[in-house]
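Colleague: Take a look at this one; I'll ask things after.
The values are calculated or read from the model by the stated rules, or taken from the named source; none is laboratory data. Please read all numbers here as calculations on a predicted model, not as lab measurements. Cβ sites come from the backbone with ideal geometry, for glycine too, and all protein chains shown count toward neighbours.
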Amino acid sequence: MYIIKIGGGEKINIEGIVSDLAATEKPFIIVHGANALRDQIAEKMGMQKQVLTSVSGYSSVFSDENAIDAILMSYAGIRNKRIVEACQKLNVNAVGLSGIDGGMVQGKRNKGIRVRENGKTLIKRDFSGKPVQINSELLSLLLDNGYNPVLCIPIADENGFAINSENDDIVTCLAAATNPECIFQFIEAPGFMDDPADESSLVKTLSGSELAAREEQVEGRMKRKMLALRKLYEQGGARVVIADGRVEHPLADALSGAGTVIS
């Protein structure tokens with residue numbers, strides 16, 4: 001089985017990824033983003049995205065009730081159902097779910113994000129948190145009966161509230177619950193690059209010992225991503241491939257050696 005993480009950028013070739021999945025005839029779980037679409041919807045709603053950077057250097061989107069509404073519309077609505085539609089057009093029986101549906105992804109609300117503002121350390125509290133448990137019974141019910149889950153945020157907190165979370169952390173929870181053969185992460189780049197502005201600086205392989213060092217070298221969203229990759233590696237098991245989601249055949253290329261392999 002494959003876990004397929006699809007980035008939320010506008011240039012990701014959804015149809016190409018789904019076409020490649022249909023050709024493999026492998027069972028799969030998709031976890032997808034929709035950040036570009038979320039930002040478009042938020043702008044139309046007159047909302048301004050607020051990005052917080054914690055005192056430890058990790059960036060995240062501040063998620064108030066309006067932000068959760070934008071997530072429900074973009075992630076759980078338009079993007080999720082368009083991916084399901086792409087699957088159904090190729091006779092791949094997909095079911096779209098957010099983490100709150102059937103309690104598929106149970107999370108724990110963050111106690112607060114420590115940030116520095118105007119020389120002071122403040123605690124910002126919002127509707128965000130970390131996944132802690134997958135509803136394995138529901139997931140197995142779908143997979144065992146030939147359905148391919150297409151999952152997205154929001155997830156559910158301890159009291160059933162919809163909260164924002166990181167897809168990389170959701171993938172780590174899914175991997176622990178399913179023991180996949182491989183995890184593919186499709187982004188708007190050839191893979192992990194030494195220089196984000198230079199696509200020729202692709203790093204073909206990363207070892208577990210390199211991940212912590214790379215995490216120290218980067219900032220913002222990439223720093224959080226490297227932390228998640230390190231946790232995924234430390235958990236053990238699946239091979240991870242970070243590959244270009246913009247090309248004609250993203251999965252086929254990744255299976256043929258394109259991208260960055262973490263092993």
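Colleague: Would you check if E248 is within 30 Å of S136 (Cα to Cα), among the charged types (D, E, K, R) and touching a residue at least 60 places away in the same chain (Cβ under 8 Å)?
Modeller: No, not satisfied.
Colleague: Give segment 53-86 a look and list any residue that's among the hydroxyl-bearing types (S, T, Y) and more than 30 Å from T121 (Cβ to Cβ), or say none.
Modeller: Selection gives S74, Y75.
Colleague: Out of (1) surrounded by 22 or more Cβ atoms within 10 Å (Cβ to Cβ); (2) of a type outside the set (V, I, T); (3) assigned to a helix (DSSP H, G or I), the odd one out for L151 is which?
Modeller: Unmet condition: (3).
The rows are residues; the columns are (1) farther than 29 Å from V18 by Cα; (2) of a type in the set (F, W, Y); (3) in contact (Cβ under 8 Å) with a residue 60 or more places away in the chain.
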site: R114; (1), (2), (3): yes, no, yes
site: L122; (1), (2), (3): yes, no, no
site: P149; (1), (2), (3): no, no, yes
site: I153; (1), (2), (3): no, no, yes
site: A156; (1), (2), (3): no, no, no
site: E166; (1), (2), (3): no, no, yes
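Colleague: While we're looking at this one, here's another question. S136 is checked against (1) at pLDDT below 95; (2) within 20 Å of the chain's Cα centre (by Cα); (3) surrounded by fewer than 20 Cβ atoms within 10 Å (Cβ to Cβ); (4) not aliphatic (A, V, I, L, M) and fails just one. What number does that condition carry?
Modeller: (1)
Colleague: Do we have A243 as buried (at least 22 other Cβ atoms within 10 Å of the Cβ) and aliphatic (A, V, I, L, M) here?
Modeller: Considered against the rule, which asks whether it is buried (at least 22 other Cβ atoms within 10 Å of the Cβ) and aliphatic (A, V, I, L, M), A243 comes out as yes.
Colleague: Tell me yes or no: at least one residue of segment 116-123 is within 18 Å of I163 (Cβ to Cβ) and surrounded by 15 or more Cβ atoms within 10 Å (Cβ to Cβ).
Modeller: Within segment 116-123 (the criterion being within 18 Å of I163 (Cβ to Cβ) and surrounded by 15 or more Cβ atoms within 10 Å (Cβ to Cβ)), the answer is no, since none of the residues qualifies.
Colleague: Considering only segment 76-106, state which residues are small (G, A, S), farther than 19 Å from L141 by Cβ and crowded, with 22+ Cβ neighbours inside 10 Å.
Modeller: Result: A76, single match.
Colleague: Now for a different question. Working only within segment 40-54, note down all residues that are outside any loop (DSSP other than H, G, I, E, B), without any contact (Cβ under 8 Å) to a residue 60 or more places away in the chain and buried (at least 16 other Cβ atoms within 10 Å of the Cβ).
Modeller: I41, A42
Colleague: Which condition number does A228 fail, the rest of (1) of a type in the set (A, V, I, L, M); (2) without any contact (Cβ under 8 Å) to a residue 60 or more places away in the chain; (3) more than 22 Å from E137 (Cα to Cα) being met?
Modeller: (2)
Colleague: S209: closer than 27 Å to S54 by Cα and either over 19 Å from the mean Cα position of the chain (by Cα) or not in a helix (DSSP H, G or I) (or both), yes or no?
Modeller: yes
Residues are listed down the side, and each one gets a yes or a no for (1) more than 27 Å from R230 (Cα to Cα); (2) among the hydrophobic types (A, V, I, L, M, F, W, C):
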position	(1), (2)
L90	yes, yes
I123	no, yes
V132	no, yes
N135	no, no
S140	no, no
D144	yes, no
N164	no, no
D169	no, no
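Colleague: Also: Return the total of residues in segment 156-186 being modelled with pLDDT of 95 or more, in contact with a helix residue (DSSP H, G or I) (Cβ under 8 Å, 6 or more places away or on another chain) and closer than 17 Å to F62 by Cβ.
Modeller: Matching residues across segment 156-186 total 3.
Colleague: I would also like to ask the following. Could you please find all residues in segment 178-211 being in contact (Cβ under 8 Å) with a residue 40 or more places away in the chain and loosely packed, with under 15 Cβ neighbours inside 10 Å?
Modeller: Those that are in contact (Cβ under 8 Å) with a residue 40 or more places away in the chain and loosely packed, with under 15 Cβ neighbours inside 10 Å: N179, E181, E188, K204, T205, S207, G208.
Colleague: Continuing with this model, one more query. Could you list, in sequence order, all residues of segment 34-55 that are modelled with pLDDT under 90 and within 11 Å of S74 (Cβ to Cβ)?
Modeller: The answer is M45, and nothing else.
Colleague: Looking for whichever is among the acidic types (D, E) and farther than 23 Å from M1 by Cα here; the options are D39, D101. Which one fits?
Modeller: Result of the check over D39, D101: D39.
Colleague: Kindly evaluate M73 against the criterion of being without any contact (Cβ under 8 Å) to a residue 24 or more places away in the chain and not in a strand (DSSP E or B).
Modeller: No.
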